[in-house]
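Take a look at the structure set out below.
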Amino acid sequence: MFMFPDRFSVQRALELLGLIDGDDSDLDFENDDPILDENYHPLPQEQSSSEDEGASSEDEAPIPESTNHSRGRKRLRNVDNGSCSGTESGTDSSCTPRRRCQTQEIEADGSEDDLGESTPEPGQTKKQGETKQGRGMRWKATPLTPNLAQYQHLDETDLDRYGWTPLDYFEQYVDRDLMTLISECSNAMSLSKSGDLLNMTVDEVYHFFGACILMSCIRYPTIRMYWSKALKITAITDKFTRARFFKLREAIKVVIDDDVPEDLRVLDKFWKVRPFLDRILRGCWAQNRPDCASIDEQMITFTGACPCRQCLPMKQNPVGIKNFVCATADGIVLDFELYQGTNSLIGKVEKPEGMGLGSLVMERLCQTLHRGTKVYCDRFFTTIKGAQQMMEKGVYMTGTIMKNRLAGAKHKLPSNKAMKDAGRGTSSEVSTEDGKLCVVKWYDNKPVLMMSVVHGTQPEDTCQLWDNKLKQYVTVSRPCIVREYNLKMGGVDLIDRMISYYRMSTRTKKWTMRMIMHFTDLALANSWLLYRKDHPICAGPKTRPIQFLEFRMEVAQILLAQHHGADADLSTQSEEEEYSNRGVKRHTTQLPHVSVRRRANAHLPEMINLKNAMRCRLPGCTGRTRVRCVTCKVFLCLKTERNCYLTFHT
């Protein structure tokens, strides 16, 4: 047989590989290799020595650092083949005392998946204060033993909202100060750009938002159809003409551009709508913080030009502006952060060194949560290092996790094939040495990896899942961590679904208008979810809360009926004077909403000089009067024997 004088034997090669620090070879040397010692002869001692020296040459590519798993596997095979008995040329044994000790430990453990903390190699020292991260963490097949801080419960303020109307809930986010700011900035920007006076009043801003909300509830293919003769909606057409509506829509501003410095424009890509976003954010911060919250990403659909547009192909709406949201399990938004790049998040968190984007987002959105809060997130945000940092601050993470972020834990868990053979519903759990963090692998149709500092596999329960082969529901075992994750993680998806039902018109090329409309929708959805939560306490369990569509329409009607007198366009003509000269049927003013009628301000009576008195509009009254409310524009009796004016407004 042909001889290869320039090669070593397999045993000699294994010994050399074992002596090299940082061996991470994944080659699988089997004992039945066709090339054995009987076919190979070792090199002379001088040549083998030169080869040993050449192994450490700088011209050769560095060998990746090995894990204890790969070293232990090779050592076990070397022991079986007797490779620790020295070289064939009579040299001393290559099994050093340290190596023999490690081999004995691996044999005593009896597991190829033992990935404990690696022993420092010669010439390598461990940094002081280095945390047990990655390969340095010890994982054991033991249950989780969480040590959680007690949640700091604050007094609920549900009773403070007793008797609130839909407008009161909405004004937590969009109040009169914001409407005044929009009116002033829009007038100033219109004058500076075109030189024309826009003359936008605060009431017109209210009417504009009310019209947009009403249009989202009553859908037409185009906006112009709301002013058509056959399909017009008088609640909208009575407030402004079609041309005026489009002019207001084009001129809406929330900042005066010249007042924003250049350095702020560079730091904040959304500076054009920042006051509006800050007002919505203050309303979210004012909500009660529960003991559980979820964090996920939200897409604001927009395909036009904008400062920071993202494309996520796996999303239902792939193109738009990314928004990271923190919400309760009920869907109420507690906090949000628009994505502008990693650098914008670094300045908003403490000690951002070594954090990825997901950890930075978690750190930012958890700043307003109380100590002891449990946070649920998906695998984009979940890392072992991030969970440990949150745990130090008293915030406890639970979520799915990528397998490449598990370090040594994945080697302690069963393989996918083993779990598939064991059947659907199989689960396995490993935890850290201190028992404060665990990783659970659960096999459903596919393996699912989850990490938590709160929940483990116990107590398990069962759930009904669909089986595609049997075409029926089957009972499957489910770990505790999966059940809690499914219950607490859907808050952001719920608020997205609520917004999508009656989304305000998005047919615009201006990203600023798209942002204003989206966060108005978010405020409405948040308001209704809070109203539904308060309803059993404030109105009693026997009454049913109004639906989301009714809630939006009621808010729209109240906004369209806003009239504050000081800056309103009051008509000096009476109802009879307006229509007496036209030869048409006299117009009857629609009664305002009850929430507008019962406001204490701006409801002043005025005496109208009419030839014939008008009928009183209070239901049940048949009298006639010349007294009219300046805000409601309805005639009411104001006499000694009959005060319909007071009855109507209380």
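The values are calculated or read from the model by the stated rules, or taken from the named source; none is laboratory data. Not measured: the values here are computed from a predicted model. Using ideal geometry, Cβ is built from the backbone for each residue, glycine included, and neighbour counts are taken over all protein chains shown. What goes into the accessible areas is simple: the full protein's heavy atoms, side chains included, and nothing from ligands, DNA or RNA. Shrake-Rupley method; radii C 1.70, N 1.55, O 1.52, S 1.80 Å.
Quick notes
- Listed peptides 198-206, 444-452 by packing density, highest first (mean Cβ within 10 Å): 198-206, 444-452
- When a 1.4 Å probe is rolled over the protein heavy atoms, the share of accessible surface on segment 426-541 that falls to carbon and sulfur comes to 51 percent.
- Using the average count of surrounding beta-carbon atoms within 10 Å as a protection proxy, the listed peptides 488-496, 399-407, 532-540 rank, highest first, as 488-496, 399-407, 532-540.
- Cross-link partners of LYS633 among lysines, defined as those whose alpha carbon lies under 26 angstrom from its own and excluding same-chain residues fewer than eight positions apart: LYS229, LYS232, LYS239, LYS585, LYS611.
- Treating each Cα of segment 292-408 as one equal point scatterer and applying the Debye formula with no solvent, the log10 of I(q)/I(0) at q = 0.16 Å⁻¹ comes out as -0.78.
- For ALA422 and TRP466, the difference between the fully extended length at 0.36 nm per residue and the C-alpha to C-alpha distance is 14.0 nm.
- Ordering of 324-333, 389-398, 242-251 by burial proxy (mean other Cβ atoms within 10 Å per residue, highest first): 324-333, 389-398, 242-251
- Cα convex hull volume per residue for segment 157-233 (Å³): 140
- When the C-alpha to C-alpha distance is required to be over 26 Å, the pairs from LYS348/LYS533; LYS441/LYS469; LYS385/LYS441; LYS140/LYS446; LYS269/LYS403 that qualify are LYS348/LYS533; LYS269/LYS403.
- Estimated distance in nm for a label pair at CYS621 and LYS509, the labels positioned 7 Å out from Cα along Cα-to-Cβ: 5.4
- Full-extension gain in nm, ARG497 to GLU250, via 0.36 nm per residue minus C-alpha separation: 86.1 nm
- Label point distance in nm, TYR473-GLN152, each placed 7 Å from Cα along Cα→Cβ: 4.3
- When its C-alpha radius of gyration is set against 2.2 N^0.38 Å (N residues), segment 413-479 gives a value of 1.19.
- Cβ-Cβ FRET estimate between GLU641 and ILE218, R0 fixed at 60 Å, reported to 0.05: 0.85
- Residue-normalised accessible area of segment 400-540, expressed per residue, 1.4 Å probe, Å²: 45
- Distant-in-sequence amide H partners of CYS326 (H built 1.01 Å from N, under 5 Å): LEU334, ASP335, PHE336
- Accessible surface of PHE170 - all protein chains present, 1.4 Å probe, nearest 10 Å²: 0
- Take the Cα of LEU357, step 7 Å toward its Cβ, do the same at ARG282, and the gap between the two points is 3.1 nm.
- Note on segment 299-371: with charges restricted to the Cβ of Lys and Arg (+1) and Asp and Glu (-1), its dipole about the Cα centre is near 160 debye.
- Percent of Cα pairs in segment 379-538 per distance bin of 10 Å, from zero to the largest separation: 9, 27, 25, 23, 14, 2.
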